[in-house]
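Only one structure is covered here, and it is reproduced in the block below.
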Amino acid sequence: MQFQNTRSFAQELDAQDDLHKYRSEFHFPKVKGKQVIYFTGNSLGLQPKRTKSYIDEVMNDWANLAVEGHFYADKPWWDYHERFATPLSKIVGALPSEVTVMNTLTVNLHLLMVSFYRPTKTRYKIICEEKAFPSDQYMFQSQVDFHGYAPNEAIVEIKRREGEHNIRLEDVLAKIDEVGEELALVLIGGVNYYTGQVFDMKTITEAGHNAGAIVGWDLAHAAGNIKLELHDWNVDFASWCSYKYMNSGPGNASGCFIHEKHHNASLPRFAGWWGHNKERRFKMEPQFDAVKGAEGWQVSNLPILSLAPYLASVEMFNEVGMDAIIEKRNKITAYLEFVLQEIDKEVDSTFEIITPANPAERGCQLSVFLHGEGRSLFDYLMQNGVITDWREPNVIRLAPVPLYCSFEDMYDFGQILKQGIQSVH
Ligand SMILES: *Cc1c(COP(=O)(O)O)cnc(C)c1O
């Protein structure tokens, strides 16, 4: 399709867009009385209007039933989390028994590492990406320390090549080969939070297994954004947060995946009563008997008030379906890229999109290097109703989230960007 950088063309794309109607299902902040252009759904998704009724339902049940709500609420609390298994499994490409919701992301990765990072004297190394998300780096260091190994020996980072922004698949595979028999675990962010690069999870998982290692994925920027086939890719474990693309609210509950092949294994884990045999849970027996499946990794009874908004979101995702989300995502991201290229021709500055150009290697994010621009441009954007984020030295990350961003937003953004560059120079 030949794009045009005009309002009428953008409006035409919106008119053809089946998902356009979902835009009115979200609350948008306002700047100077006007609804913002929201590009930070990769950091905190907007609030769906339907979410409040899910929370109100729990508040009402609590008011009216108190402890009886555990069993007699409309959606009883004792098994509230089971409502996620089927819809969430479709979003991440899993069997219902392979997914559950609990805790928060870094906590879940720690708990999963208890089961899946089992270093020995000869096989103790972890492969991760260079400049992984800071929480992941602290997690690796503390886990390795906890097991008595030296982080600088045990943690092996895959580097970008000089002058390149993205990590090459061949370099990941070469590193797995090189570490070989010393490799215990590969754990990488499936979508890089800074560049938006999507890794070839299928190929990397297979290579890790061939080296005799376990392979897990941090899917913070992947869940609700890209097509995942965790079961078929034979991924051992994964976890994600729900407040980015999944729109479930600040700091909200995390999802995790544990492949079926591990459900019968007697893996070590940090246990709690919510992972115990459901028929016998309230018999308060002394001996832990894990539920078969991902639920067996549950620890505490669940924070129902935080699951409620996540359930609202998961149900919306299932209504729409990942295929429709991905189809629009590809189109709107390509349109944003086109608008940036057009504006680039009209102004002195140069924009360098550091996210891969190949749609198979990116999701809903373009990270843009603004050569010659400073923070004042970012401030101009924020003051003029474009919510984006700024990463040193001068990168803005733009996520045109398909559920609530419009093609016209992309056009408007281009115009505001152009005015901003002209006014800050
Ligand atoms: C957002 C993000 C996190 C956040 O972790 P929390 O435990 O939810 O605070 C972790 N890892 C990656 C890669 C992220 O992008």
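Bear in mind these aren't lab numbers, they're just calculated from the coordinates by the rules spelled out. These numbers come from a predicted model, not from an experiment. Cβ coordinates were reconstructed from backbone atoms using ideal geometry, including for glycine residues, and neighbour counts include every protein chain displayed.
Here are a few things to note about the model shown:
- Cα long-axis angle, helix 304-320 against the chain (0 to 90 degrees, to the nearest 10): 60
- Rounded to 10°, Cα long-axis angle of helix 105-116 versus longest principal axis of the chain: 40
- Cβ-Cβ distance of ASN394 and SER135, R₀ of 25 Å, FRET efficiency by 1/(1 + (r/R0)^6): the value works out to about 0.55.
- Neighbour-limited loop hits for GluC sites (Glu not before Pro), region 169-246 (at most 13 other Cβ within 10 Å; DSSP other than H, G, I, E, B): GLU229
- Ranked list, fewest to most other Cβ atoms within 10 Å of each Cβ, for LYS34, LYS244: LYS34, LYS244
- When +1 charges are put on Lys and Arg Cβ atoms and -1 charges on Asp and Glu Cβ atoms, the dipole computed for region 46-191 relative to its Cα centre reaches about 180 debye.
- Ordering MET113, MET1 from the fewest to the most neighbouring beta carbons within 10 Å gives MET1, MET113.
- Within region 95-214, percent of DSSP bridges classed antiparallel, to nearest 5: 10
- Considering only LEU173, LEU183, LEU267, the Gaussian network model of the chain with Cα springs below 10 Å gives its largest mean-square fluctuation to LEU267.
- Global form of region 1-123, assessed from the alpha-carbon gyration tensor, a/c cut-off 1.5: oblate
- Counting 0.36 nm for each residue step from GLU153 to ASN330 and taking away their Cα separation leaves a gain of 59.7 nm.
- Relative exposure of HIS27, HIS259, HIS371, judged by other C-beta atoms within 10 Å (fewest first): HIS371, HIS27, HIS259
- Among LEU398, LEU109, LEU13, residue whose mean-square fluctuation peaks in a GNM of the chain (springs only between Cα atoms under 10 Å): LEU13
- The helix-based estimate of mean residue ellipticity at 222 nm for the chain, built from -39,500 (n - 2.57) per DSSP H run of four or more residues and divided by its residue count, is -11500 deg cm²/dmol to the nearest 500.
- Fraction of beta bridges assigned by DSSP in the chain that are antiparallel (%, nearest 5): 60
- Cα-based Kirkwood hydrodynamic radius, region 111-245, one decimal, Å: 14.9
- As a calculated quantity, the FRET efficiency between LYS30 and ASP79 at R0 = 45 Å, using C-beta atoms, amounts to about 0.70.
- Sites listed here are GluC sites (Glu not before Pro) in region 81-143 whose DSSP assignment is loop and whose Cβ has at most 15 other Cβ atoms within 10 Å: GLU130.
- Listed residues PHE282, PHE28, PHE413, most fluctuating in the chain (Gaussian network, C-alpha, under 10 Å): PHE282
- Kirkwood analysis of the Cα pair distances in region 240-383 returns a hydrodynamic radius of 19.6 Å.
- Rounded FRET efficiency, nearest 0.05, which uses the C-beta distance separating GLN422 from GLN4 and R0 of 25 Å: 0.70
- Spin-label zone in region 348-363 - amide nitrogen under 19 Å from a point set 7 Å from the Cα of LYS202 along the C-beta vector: 358-363
- Angle between the chain longest axis and helix 322-346 axis [Cα atoms, degrees, rounded to 10]: 30
- For the chain, projected area of the alpha-carbon convex hull averaged over all directions, nm²: 22.2
- For the pair ALA174 and TRP62 in one chain, pulling the backbone fully straight at 0.36 nm per residue adds 34.8 nm over the alpha carbon distance.
- Additional length obtainable on full extension of the chain from LEU267 to GLU342, 0.36 nm per residue less Cα span: 21.5 nm
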